[in-house]
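Throughout, read-outs are computed from the coordinates displayed, never taken from laboratory work. Keep in mind the model is a prediction, meaning the values are calculated, not measured. Because the Cβ atoms are built from the backbone with ideal geometry, glycine has one as well, and the counts that use them run over all protein chains shown.
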Amino acid sequence: MAELFEKNKEKTPIEDSYFGLYEVYILYFDEEKGHIPLLTYPSDSVKKSDGEMRPVYIHSIWFLDIEEISPQNHIDLEYNDKMYFATKFHVASQRERRRAGIKKGSPEKIVLMLALPTNLIIFGDDLIQKLTQAIKKNYQEEMLELIEAEIGRNDPIKSQEVKLQIKKANQLKENIKEDIKTLCEEYFSTVIDTGETKSLKKQLEEIGIDLTHKIMAWLGVTVDPNHLKKVAQKLASYDNVIVAAISSGDHDLIVQLIADNIRSLRDFVDKIVKPMEGINPDMDVSVSYITGSKYLK
């Protein structure tokens, strides 16, 4: 699976045939500290990386009320080369709260998040639902144990009761991880053979899933009037630019282009577009994924 999450090369104690293909996060909202991860799969080390956790913390799921999210629905965030599928649910709690205004007995807010490479987003809707159903069915009542143990980890002096609580929570985490692994292995094994010499893309094409999609992007650019025509002509000369049209709207120039992925789009904007003379580096960028487009032939 190196073709997907190449940077995920660290070893994991859990033997997972699809290691690196997906990531799962379970978090809760702490009244003092905000978004706190309870469990990250396949590796806990991701919690130490601000860059890796950024899309998890800025996800719009945190700002929506649970009532706004139906049981069959989820909220998605595209960030770099991944799509983060997320849902939220309540668990009952009698925990004493540490901030005024929050009553004892208020339910805990749990967020479940699944990250997939953008070229595998076709699996996201189904898999996030299966994960949510399994976690809620098997562990919804135990979520409070993980929360209380997580709070206890920060106590400078831990009582014997807290130590036992943390030990029990650690074992619970391993059980949840094992269930996540089993569920996802069963799910992906129906479409991906890790022992197959063919690439993932070829395997999926053979069962009717086309991954031949790229990014269609629109840039709204502000340009010095003295350089507008020259900039438009220069951008239009690039092979990946479809349209570079002078506009009378909110922007001086609208540029429509094709990119292989978010990284190549970012490189084109940062290294080609922004350095051009007369261009304001602050620009609007709109992105969508296209499949089977005439531009891909």
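Obtain the radius of gyration and the Kirkwood radius of segment 213-296 from its C-alpha atoms and give Rg over Rh.
0.95
Quick one: order Val24, Val287 by neighbouring beta-carbon count within 10 Å, fewest to most.
Val287, Val24
Please compute the modelled spin-label separation between Val285 and Glu186, points set 7 Å along Cα→Cβ, answer in nm with one decimal.
4.1
Going down the list Lys104/Lys130; Lys103/Lys177; Lys47/Lys173; Lys48/Lys274; Lys48/Lys104, which pairs span over 21 Å between their C-alpha atoms?
On the way: Lys104/Lys130 31 Å; Lys103/Lys177 32 Å; Lys47/Lys173 15 Å; Lys48/Lys274 33 Å; Lys48/Lys104 31 Å.
Cα-Cα > 21 Å for Lys104/Lys130; Lys103/Lys177; Lys48/Lys274; Lys48/Lys104; rest within.
Report the Cα centroid-to-centroid distance between segment 231-248 and segment 87-162 in angstrom, as an integer.
48
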